[in-house]
Amino acid sequence: MKVFLARFKGTKDQVSGKFSEEDQLKRQVTALYGLLSSIYGSDKLVLRAGKLEALQLMRSERIEERVLALQKLVFEDPTYDTLPTVAEIPAILESIQEEIADTIARRTVEEELEKKIGEKMIQRHEDYYREIKMQVIKENAGPENAQTLKRLAILEKLDSKHLAASAMEVLRPASFAEVIGQERAVKALLAKLASPFPQHIILYGPPGVGKTTAARLALEVAKGIKQSPFAKDAPFVEVDGTTLRWDPREVTNPLLGSVHDPIYQGARRDLAETGIPEPKLGLVTDAHGGVLFIDEVGELDPALQNKLLKVLEDKRVFFDSAYYDPNDGNVPQYIKKIFEEGAPADFILIGATTREPEEINPALRSRCAEIFFEPLTPAAVQNIIKQAAGKLKVAMDDQVPEIISEYTIEGRKAINILADAYGLASYRQQQAGGDESILITVQDVYEVIQTSRLTPYVLCKASDDSEVGKIFGLGVAGYLGSVIEIETVAFPARSPGQGNIRFNDTAGSMAKDSVFNAASVIRKITGEDISNYDVHVNVVGGGRIDGPSAGVAIMLAMLSAIKNQPLPQNIAVTGEISIQGKVRAVGGVFEKIYGAKQAGIKKIFIPAENIKDVPVDLKGIEIIPVQTVEEILRRIWPQNRSCLAS
């Protein structure tokens, strides 16, 4: 357009001398119309003229009317009505040219701007397209790269390798028929769990007697009962209380669940960026509708136990966070539901412990039924060994079960001893190059015992002999009963009335009191003054007797030594002795009876007040309740009245 205007002015200068003034004006007007046509286009110029009422003027033969049309078209003003004179036309054409020049300049600037805008838009479009493309590629590829994929391949390769199953996995009981020695406990467990109204339960007992296995099997039995609340897919969630840790700030709590606030590591990135806390559900929710089994429940942190009690009451676990805003529209519905309604946690708690009941949280005990698993007898351990040998399909010498039962009262430990002996037998057979079936010999078992530095569990064994000044008392530690060998010697004092009594310093003050009580009782029932003798009472092994339950046994050993009367070595005695010769009740009678059976005791004297603690289906041992020491003496020495006062 600029070039066109320049040419237009040059043409005007060239023809100024050849044509008349009117011809020059006509040529200028025609040139201006051509310029407008090139600017707007012919069709648009006609439409523009029609709107501005300049169409007839534009087609006129008169130069004045054509100039007037130019004014309307260029200045876009339909109010121009006055025809210019010929003398006014040059000045008008000059102003029209200036306006056209401004229009052309404005259009040029607009075109350049549009061009730059277009280029920017294309660039932005390409950048946006590239960003979307990278995002799609990233989503398809995920977080993986060459290094992570390589490590994944290594893990998968490792996962494809498997050793043979351990002996414990192969020999784990698959039914209650394989749980040996716990018939009473199993019956009680099923009565409380496999019913329409199952109860929370605490299982007490020594380790390795089948508490965990029995709980798992009980749930499977409960699923098969018609009125049972447990569904076929009810979960059994197992956790060890000794390894269960938590943060008091609730940053982490694997048992009950926790909230990962945006400022803490662990919250999801998309939630952290929007300031939304994320609840992490715990094991109590995983166990919803099933059983939560906590082994060593007594080892749980006391504060965590109290929180668990709240969940047992509400059957839901509630979460809280200072970052939660219920009015925030960005909070996902599941998070809002958890914060407002809590997470479901309706389960049955089964806790197992080797602690005494008195050491367990009283509030927890009050909400749970309590079941006591019994220590395994030698016969039960032997049956476990025979059952395990059958599963391993291995032969063994007849003495093997009895030997193993002498070194442990735990079913788990007994199986481990058998598995080690099996390994020795298998190695021996391979060295010999034979293809015969494996035989576990007595030598294999003793080699395992020596390598593991095992000692016999029962050091005191009953016999059919009789000895002076020696008797078996009964003690209990935890859930395990044992026999206590008490021996006494008595010598006439060098000077009458100046004898002394010596007793183990490690036995404890209550046991020493029992010695002096025994001296008073001996004088009462026999008339013998103990001060006329030097008496030495010894607890073999130097063990501590924590309590007065060995009082009767100490009195019998002292009396036997003073009167030189032998005591049967197949009997045991427990009970506190009063200075009047009465036999008082003691604790742990149930466990003491099992400890006596392991030692081969045939007869036990217990306080009459403890008769209710004796198992109703007890076999293989005679329990004799007594109220006074005279009753025991009449049974031990029925033909000898010299031990009683005349």
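Bear in mind that the values in this text are calculations on the coordinates, not laboratory data. The shown structure was predicted, so the numbers you read here are calculated from the model rather than taken from an experiment. Cβ atoms come from the backbone with ideal geometry, glycine included; neighbour counts cover every protein chain shown.
For the residue pair LYS120 and ASN306, what label-to-label distance in nm results when each label sits 7 Å from Cα along the Cα-to-beta-carbon direction?
Placing both labels 7 Å along Cα→Cβ, they lie 6.5 nm apart.
Could you pull out every one of the aspartates and glutamates with an alpha carbon less than 16 Å from that of LYS391, ignoring same-chain neighbours closer than 8 positions?
By straight Cα distance, LYS391 reaches GLU169, GLU178, ASP420.
Simple spin-label model, 7 Å along Cα-to-Cβ: ALA477 to LYS157 in nm?
In this crude label model, ALA477 to LYS157 measures out at 5.1 nm.
Take each of the peptides 101-114, 22-35, average the number of other beta-carbon atoms within 10 Å over its residues, and list them starting from the highest.
22-35, 101-114
Quick one: which residues, 5+ away or cross-chain, put their amide H under 5 Å from the amide H of VAL259? H built at 1.01 Å from N.
Here the answer is LYS280, since their amide H atoms fall under 5 Å of that of VAL259.
Grab the Cα-Cα distance for GLU94 and SER426, subtract it from 0.36 nm times how many residues apart they are, and report the gain in nm with one decimal.
Between GLU94 and SER426, full extension yields 107.4 nm more.
So for the pair ARG634, GLU299, with labels modelled 7 Å out along Cα→Cβ, what separation do we get in nm?
Each label point lies 7 Å from its Cα, and together they span 5.2 nm.
Pop out the ³J(HN,Hα) list for the stretch 381-397 in order, Karplus 6.51 cos²θ - 1.76 cosθ + 1.60 with θ = phi - 60°, rounded to Hz; leave Gly and Pro as x.
4, 5, 5, 5, 5, 5, 5, 5, 4, x, 5, 6, 6, 10, 8, 8, 5
Expected output is a single nm value to one decimal: the length gained when fully extending between SER175 and ALA322, i.e. 0.36 nm times separation in residues minus the C-alpha distance. What is it?
48.0 nm
Fully extended, how many nm does the chain gain between ASP43 and ILE611 (0.36 nm per residue separation, minus their Cα-Cα distance)? Walk me through the numbers on the way to the answer.
Working: separation 568, 0.36 × 568 = 204.48 nm, distance 12.39 nm.
Between ASP43 and ILE611, full extension yields 192.1 nm more.
For GLY289, enumerate residues with amide H under 5 Å from its amide H, sequence gap 5+ or separate chain, H modeled in the peptide plane.
ASP346, PHE347
For a quick protection proxy, order the peptides 212-222, 56-66 by their average other-Cβ count within 10 Å, most packed first.
Those peptides, ordered most packed to least, come out 212-222, 56-66.
Here are a few candidate values for Cα Rg over 2.2 N^0.38 Å: [x] 2.03; [y] 1.00; [z] 1.21. Which one was actually calculated from the structure I just gave you?
The value computed from this structure is option [x].
Please list 3J(HN,Hα) in residue order for the stretch 84-93, calculated via the Karplus relation 6.51 cos²θ - 1.76 cosθ + 1.60 where θ = phi - 60°; whole Hz, with x for glycine and proline.
x, 7, 5, 6, 7, 4, x, 5, 5, 4
Under 5 Å between amide H atoms, partner at least 5 residues away or on a different chain: which partners does ARG316 have, H built in plane at 1.01 Å?
For ARG316, the qualifying residues are ALA345.
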